[in-house]
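**Q** Quick one: structure below, then a few questions.
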Amino acid sequence: MSPFKKPPSMQQNTESKDRGAVLITVLLIVAVMAAVAVSLIDDIRFGIRRASNVSLTSQANWYALGAETLAIGVIGQSRQLSPEKTTLAQPWAANGGVFPIENGSIATQLSDGSNCFNINSLVEKNDNSEYEANTEAQKQLRTLLEVTGIAQGNSEAIIGAITDWIDSDSRPVSRGAEDFEYTAGEPAYRTPNTLIADVSELRSIKGIDLETYLTLKPWVCALPAVALSEININTLRPDQAPLLSMLVGTALKAKTASEVLNNRPIEGFESMEVFWSTKEFEDIEIEQGARDQVKEKTTFFNLTTTVNYGDAYVTMTSLIDASKNDKIYVVSRQFGEEI
C-alpha cells in the first residue's frame with residue numbers, strides 16, 4: 001500500500017462526513033428559505049388586509065359624503081317649501097335614522113346648528129378689521145354660565161380667557177390670559193388671535209378643564225362669524241331653554257322657558273309677535289337687542305353621519321351653511337368621534 005494513499009476505512013469516513021456536511025447545509029438553506037417564505041406570506045397577507053381596510057374605509061367615507069349631499073338636498077327642499085321659516089315639521093327635521101346598505105348601514109342625524117352660543121361672538125371687528133372684545137356677547141355668556149351652574153368667579157375667568165384667545169391684541173382683558181400664560185407652560189404655545197374653528201379648541205384655553213368643557217359643550221358652538229347667536233324659537237328643544245334665558249336674562253327661568261317651548265304648535269309659532277305675547281313674558285322687561293336675536297329661520301345645520309361598512313367604521317360631523325336659500329354648502333367637516 002502506498003504511503004500516500006488513505007486506507008479504505010478512512011476514505012469511507014471522510015466521504016460520510018462530507019455527505020453529512022452537505023446535508024446539514026441543504027437543511028439550513030431549506031430552513032432559511034422556509035422562514036423567508038413565511039415572512040413573505042405574512043407581508044403579503046398584511047398588505048392584502050391593509051389594502052382591504054383602506055378600500056373599506058374609503059368606501060365608507062364616500063357613503064358619508066353621499067349622506068352629506070342628501071342632507072343638503074333635503075334642506076334645500078325645506079327652503080323651497082318655506083323660505084322664511086324653519087320648523088320641526090319640515091322634511092329636514094325628519095331626515096334621521098338608520099339606512100341599510102350592502103354589508104352595512106348609514107346612520108344620520110340632522111339638527112339645528114344655530115341654537116347655541118356662538119363662542120366667536122365674544123369678539124367683534126373694529127374699524128381696523130381687528131378682533132376686540134364684544135361686551136354684549138360677554139354679558140350673554142355670563143348669564144348662560146350662571147344658568148348652567150358655573151360659579152361667577154370661574155365664569156369671569158372663562159370669559160376673559162376665551163376672549164383673549166380670539167382677540168387680535170396681546171393685552172389681557174379682565175381675568176383673561178394672553179401669550180405669557182401659555183408660553184410658560186409645558187408644552188409651550190401661543191394664543192391664535194383668530195376665530196375658533198371647533199369647540200374642542202376650548203380644552204387648550206386656561207381655566208377650562210375637562211369638567212368645565214363638558215359643562216359648556218352642549219351650549220356652545222364655533223360658527224364661522226362673529227355675529228351674536230340667532231336662536232330659532234321654532235326648532236329650539238325644551239331642554240335647550242337656558243338659551244332663551246341667556247338672551248332674556250335670569251328673570252326668565254329655564255323651567256318657564258321650557259314650558260313655553262313644550263306648548264309650541266307643531267308648525268311653530270305663527271309669528272314673532274305671537275311668541276313674545278306669550279303670558280310667560282308679560283312681567284319681564286326684554287331688551288330689543290335680545291328680541292332681535294330670536295328668529296324663525298335657521299342659518300346653520302349640524303349633520304352627524306355614522307357609517308358601518310364591512311369592518312370599517314366612519315363618523316363624520318358637518319356644519320352646513322343655509323343662510324342663503326339659493327346656496328347651501330358645507331362650511332366644515334370633521335372625521336372621527338367628537339371630543
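The values are calculated or read from the model by the stated rules, or taken from the named source; none is laboratory data. The shown structure was predicted, so the numbers you read here are calculated from the model rather than taken from an experiment. When we count neighbours, we look across all protein chains shown, and the Cβ atoms used for this are built from the backbone with ideal geometry, even at glycine. Surface accessibility is based on the protein's heavy atoms, side chains included, excluding ligands, DNA and RNA. Shrake-Rupley method; radii C 1.70, N 1.55, O 1.52, S 1.80 Å.
**Q** Restricting to the range 227-249, name every residue that is open to solvent by less than 40 Å² (accessible area, probe 1.4 Å), under 21 Å from the mean Cα position of the chain (by Cα) and under 14 Å from A137 (Cβ atoms).
**A** Within the range 227-249, S229, I231, L243 meet the criteria.
**Q** Can I ask one more? Would it be correct to say that T25 is modelled with pLDDT of 70 or more, open to solvent by less than 80 Å² (accessible area, probe 1.4 Å), over 30 Å from E270 (Cβ atoms) and in contact with a strand residue (DSSP E or B) (Cβ under 6 Å, 6 or more places away or on another chain)?
**A** Here the answer is no, as T25 does not meet what is asked.
**Q** Further question on the same structure: Looking at the range 180-196, is at least one residue over 26 Å from T317 (Cβ atoms) and in contact (Cβ under 8 Å) with a residue 12 or more places away in the chain?
**A** Scanning the range 180-196 turns up at least one residue that is over 26 Å from T317 (Cβ atoms) and in contact (Cβ under 8 Å) with a residue 12 or more places away in the chain.
**Q** Condition first: in a helix (DSSP H, G or I) and of a type in the set (D, E). Can you find one or more residues in the range 134-147 that meet it?
**A** yes
**Q** Looking at (1) without any contact (Cβ under 8 Å) to a residue 40 or more places away in the chain; (2) surrounded by 18 or more Cβ atoms within 10 Å (Cβ to Cβ), which is the only condition V147 fails?
**A** Here V147 meets the rest and fails (1).
**Q** Any idea which residue in the range 274-297 is most open to solvent (accessible area, probe 1.4 Å), counting only those that are within 30 Å of Y329 (Cα to Cα) and outside any helix (DSSP H, G or I)?
**A** Out of the qualifying residues, it is K295.
**Q** Would you mind telling me which numbered condition in (1) at pLDDT 90 or above; (2) assigned to a loop (DSSP other than H, G, I, E, B) I159 fails?
**A** Of the numbered conditions (1) at pLDDT 90 or above; (2) assigned to a loop (DSSP other than H, G, I, E, B), the odd one out for I159 is (2).
**Q** Being open to solvent by less than 50 Å² (accessible area, probe 1.4 Å) and in contact (Cβ under 8 Å) with a residue 40 or more places away in the chain is the requirement here; does F269 meet it?
**A** Taking the combined requirement at face value, the residue does not satisfy it.
**Q** Of everything in the range 197-218 that's in a helix (DSSP H, G or I) and among the small types (G, A, S), which residue is farthest from F335 (Cα to Cα)?
**A** S204
**Q** Report yes if R175 is touching a residue at least 12 places away in the same chain (Cβ under 8 Å) and either open to solvent by less than 20 Å² (accessible area, probe 1.4 Å) or among the acidic types (D, E) (or both), otherwise no.
**A** The answer is no for R175.
**Q** Please enumerate the residues belonging to the range 298-312 that are open to solvent by 40 Å² or more (accessible area, probe 1.4 Å) and under 27 Å from L223 (Cα atoms).
**A** Hits for the range 298-312 are N302, T304.
**Q** Among the residues of the range 70-115, what is the count of those that are touching a residue at least 40 places away in the same chain (Cβ under 8 Å), more than 16 Å from K324 (Cβ to Cβ), among the aliphatic types (A, V, I, L, M) and out of contact with any Leu (no Cβ under 7 Å at 6 or more places or on another chain)?
**A** Of the residues in that region, 6 qualify.
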